[in-house]
Each structure stands twice: as structure tokens, then as C-alpha cells.
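The values are calculated or read from the model by the stated rules, or taken from the named source; none is laboratory data. What you see is a predicted model; the values in this text were computed from it and never measured. All Cβ positions, glycine included, derive from the backbone under ideal geometry; neighbour counts span all protein chains shown. In case anyone asks, the SASA skips ligands and DNA or RNA and just uses the protein heavy atoms, side chains included. Shrake-Rupley method; radii C 1.70, N 1.55, O 1.52, S 1.80 Å.
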Amino acid sequence: MSDSQGENALATTPSPAGRSAIGDGATTAPSPVRRTRRTDWRKHAEIALLAGPAIIMFVAFVIFPVVMAAYYGFFKWKGYGAPTDFVGLENYVTILQDTTFHEALLHNGFIVVMSLVMQGPAAVILALLLNRKIRGRSLIRVLIFVPYVVSEVIVGTGWSLMLQTTGAVNGFLEKIGLEGWAVDWLSDPDVAIWSLMLIITWKYVGFAVILFLAGLQSIPEELHEAAAIDGATYWQAQRRITLPLLGPTVRIWAFLSIIGSLQLFDLVYIIWGQYVSATAGTSTMATYMVLNGRNAGNYGFGNAVAVVLFIISLVIALTYQRFVLRRDTEGALTGGKK
């Protein structure tokens with residue numbers, strides 16, 4: 001036998017005891033498919049473990065109540081026992097045809113627009129001023145933010161006492177010789193809505209200021225230094241640099257302000273009560289819901305109003321996110337477009 005034939009025979013001869021011909025210590029590597037499946041299983045388990053409790057809470061306290069409210073909205077229900085008096089879409093048709101609901105919807109729209117117009121510019125100006133090194137800056141920040149953390153009950157009760165016809169505001173105007181300015185701040189339909197806007201602005205502008213201050217902290221100081229070297233004034237730098245970079249924060253605040261204005265209830269209910277708000281021109285969809293639902297003993301109708309309010313808020317929120325927040329959210333999402 002030649003040397004080459006001997007080598008071929010040795011190479012084809014199986015190793016004793018089933019050992020590999022390349023050595024005793026060699027082992028078979030795990031399959032890539034098996035490794036991928038194991039990794040995917042672990043990822044899914046982590047996601048379920050971390051997001052599962054939050055999803056359960058969200059479904060139990062958000063989705064389920066909305067579904068049940070929609071269900072009860074098809075009945076004339078007194079709030080106890082199983083609903084049996086099925087009325088179909090009658091509650092929803094009544095809501096959409098009720099002029100009182102139309103007025104409440106218009107009031108909510110007015111509050112949405114005026115909250116953005118009044119709070120937005122004021123909060124931006126205050127945030128720019130408080131972002132500079134001035135004496136007493138920390139104290140001013142606290143004083144501006146305090147109304148936001150005060151309970152709505154305290155705010156509503158305090159302002160209702162001050163704005164009465166014999167309250168502190170009219171008393172102060174009379175003492176300084178401005179008797180003609182003393183009006184019925186709470187009952188006059190031409191004045192009451194503006195009184196409400198004043199109270200809302202006083203209470204919630206502090207939240208916008210703190211939010212804008214946090215956004216200002218993320219703007220690099222080098223940009224302002226470069227603008228100063230190029231000869232830009234302070235206000236030119238704010239208009240050309242600060243405000244555009246503060247845009248995402250402003251848009252988030254506007255979204256929160258819109259949703260909060262649509263759901264406004266507590267201040268109106270505390271200051272104007274359940275009946276005066278309609279005649280004073282300050283009623284909202286939420287006060288309409290309580291007045292014609294719970295207080296009237298018709299919980300089925302109240303649930304229908306809640307569903308309508310939810311749908312209006314949802315449509316506005318999705319529209320705002322689609323056309324306003326889209327460019328902000330796209331940059332924050334992982335695994336986006338390639």
C-alpha cells in the first residue's frame with residue numbers, strides 16, 4: 001500500500017469509543033436557531049414581567065370603566081341593581097340635541113383657547129426671566145409654583161369668597177375710588193367666564209413655568225455664547241435660538257393644557273355650584289354630566305355624557321399627536337424607520 005492510500009484509510013477510519021477524529025476535547029456548538037429562540041423567550045418574559053402589572057392596572061381602571069360606561073349609556077339606569085330599561089341610542093341623541101350641552105361644549109372650547117393664549121406667553125416670559133441670575137430667583141419660583149400644588153377646594157373656596165359682590169375684590173376697588181369697576185364677578189355671564197380664566201391662569205401658570213424652566217436647562221449655553229460673539233442681542237438670541245429649541249416642551253405643555261381644559265370640573269363646581277354655572281355661562285361638559293346624571297338620578301345618561309366627553313378628548317388627543325407631536329415622538333421611538 002502506498003503512503004497516500006494509507007493516509008486516506010486512516011482519515012476514514014472511525015475513532016474508537018465514538019470519539020471525534022479531531023480530538024477528545026471537541027464538543028458540538030449549540031444551534032443558532034435554538035439560541036435565537038431562547039433569547040426571544042427571555043425578551044418576551046422580561047417584557048411581560050415589567051409591563052404586565054401596568055397593563056393590568058390600565059385595563060382594570062381605564063379600559064374596563066370606559067367599556068362599562070358605554071354599556072350603561074344604553075340604559076335608563078338609577079345607579080343600583082342591574083340595568084333593565086334599555087333605551088338604545090336615546091341618551092346619546094338627547095345629549096347631541098341638548099342646547100345646554102352645546103353651551104357647555106362651547107365653554108370648554110373657549111377655555112381651551114384662552115388657556116393657551118393667556119398662560120403660554122406669560123409662562124414663557126416668566127421662565128426666560130427666572131432663567132437668568134437675578135436676586136431672589138428661588139423665592140420667586142416657589143411663589144409662582146405654590147398655587148399649582150394648592151388643592152382645588154382651597155383655591156375655589158378662597159376665590160369665591162373674594163369675588164362675591166361684598167367680597168374683598170369689590171371692597172378694595174371701592175376703597176381706592178374705583179366703584180364703577182365693582183361688578184358681580186361670579187353671576188354676570190359677561191364677566192364670570194373671564195373670572196374663571198383669571199383663576200385658572202393664576203393656578204396653572206406655575207406648572208407651565210416650571211416645565212419651561214426644565215426645558216431651558218437642556219439648551220446648551222454654547223449656542224448663546226456663539227450668538228453673543230456674532231453680535232446678537234439677548235432677545236434676538238431668545239427668538240432665534242431659545243424659543244425654537246423650547247418648542248418640544250411647549251408642545252407637550254399645550255397638549256396637557258388642552259386635555260385638562262376639556263375635563264375641567266372641580267373649580268367650576270366649587271365656585272359656581274351645580275346650578276349657577278349654567279346661568280353664569282361657566283358650565284362645562286363635566287358639570288353638565290354631574291348635573292344631568294348623578295344629581296338627576298339618571299346614571300345611564302351620565303355615563304353616556306362621560307362616553308361623549310371621552311370620545312371628544314380622544315379624538316383631539318390623537319389629532320394633536322398626529323399633526324403636532326409627530327416629529328417630537330418619532331425621534332424618541334426606538335426601532336423606527338430605517
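One table, with the values for the structure above:
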quantity: Residue match in region 64-73 (condition: over 14 Å from Leu309 (Cα atoms), among the aromatic types (Phe, Trp, Tyr) and in contact with a strand residue (DSSP E or B) (Cβ under 6 Å, 6 or more places away or on another chain)); calculated: no
quantity: Segments classed as helices (runs of 4 or more DSSP H), wholly inside region 236-338, with at least 3 members that are at pLDDT 85 or above; calculated: 247-262, 266-280, 285-289, 299-323
quantity: Pairs, first touching a residue at least 12 places away in the same chain (Cβ under 8 Å) and under 21 Å from Asp266 (Cβ atoms) in region 291-320, second in a loop (DSSP other than H, G, I, E, B) and of a type outside the set (Gly, Ala, Ser), C-beta under 8 Å, six or more apart; calculated: Asn292/Asn298; Tyr299/Trp77; Tyr299/Lys78; Asn303/Trp77; Leu309/Gln263; Ser313/Gln263
quantity: Candidates Leu267, Leu256, Leu314, filtered to the one that is buried (at least 16 other Cβ atoms within 10 Å of the Cβ) and closer than 27 Å to Ile199 by Cα; calculated: Leu267
quantity: Any hit, region 94-114, residues being among the charged types (D, E, K, R) and modelled with pLDDT of 90 or more; calculated: yes
quantity: Every residue from region 40-72 that is among the β-branched types (Val, Ile, Thr) and out of contact with any Phe, Trp or Tyr (no Cβ under 8 Å at 6 or more places or on another chain); calculated: Ile47, Ile55, Ile56, Val59, Val62, Ile63, Val67
quantity: Number of the condition not met by Ile241 [criteria: (1) surrounded by 17 or more Cβ atoms within 10 Å (Cβ to Cβ); (2) within 19 Å of the chain's Cα centre (by Cα)]; calculated: (2)
quantity: Residue, least open to solvent (accessible area, probe 1.4 Å), within region 46-67, restricted to residues that are aliphatic (A, V, I, L, M) and more than 29 Å from Asn303 (Cα to Cα); calculated: Ala51
quantity: Residues being among the small types (Gly, Ala, Ser) and either under 10 Å from Ile210 (Cα atoms) or at pLDDT 90 or above (or both) - total across region 126-147; calculated: 1
quantity: Some residue of region 196-209 being at negative phi and exposed (fewer than 13 other Cβ atoms within 10 Å of the Cβ); calculated: no
quantity: Failed item, numbered, when Phe75 is tested on (1) free of Cβ contacts under 8 Å to residues at least 24 places away in the same chain; (2) in contact with an Asp or Glu (Cβ under 9 Å, 6 or more places away or on another chain); calculated: (1)
quantity: Candidates Ile144, Ile140, Ile95, Ile111, filtered to the one that is among the hydrophobic types (A, V, I, L, M, F, W, C), out of contact with any Phe, Trp or Tyr (no Cβ under 7 Å at 6 or more places or on another chain), surrounded by 15 or more Cβ atoms within 10 Å (Cβ to Cβ) and within 22 Å of Ala278 (Cβ to Cβ); calculated: Ile111
quantity: Subset of region 243-295 (residues that are in contact with an Asp or Glu (Cβ under 6 Å, 6 or more places away or on another chain) and of a type in the set (D, E, K, R)); calculated: Asp266
quantity: Hits in region 214-235 - residues which are assigned to a helix (DSSP H, G or I) and exposed (fewer than 10 other Cβ atoms within 10 Å of the Cβ); calculated: Gln217, Glu221, Glu222, Ile229
quantity: Any helices (runs of 4 or more DSSP H) falling wholly within region 130-200 and containing at least 2 residues that are more than 25 Å from Ser261 (Cβ to Cβ) and not charged (D, E, K, R); calculated: 137-149, 168-175
quantity: Residues within region 265-290 that are without any contact (Cβ under 8 Å) to a residue 40 or more places away in the chain and closer than 25 Å to Asp85 by Cα, tallied; calculated: 3
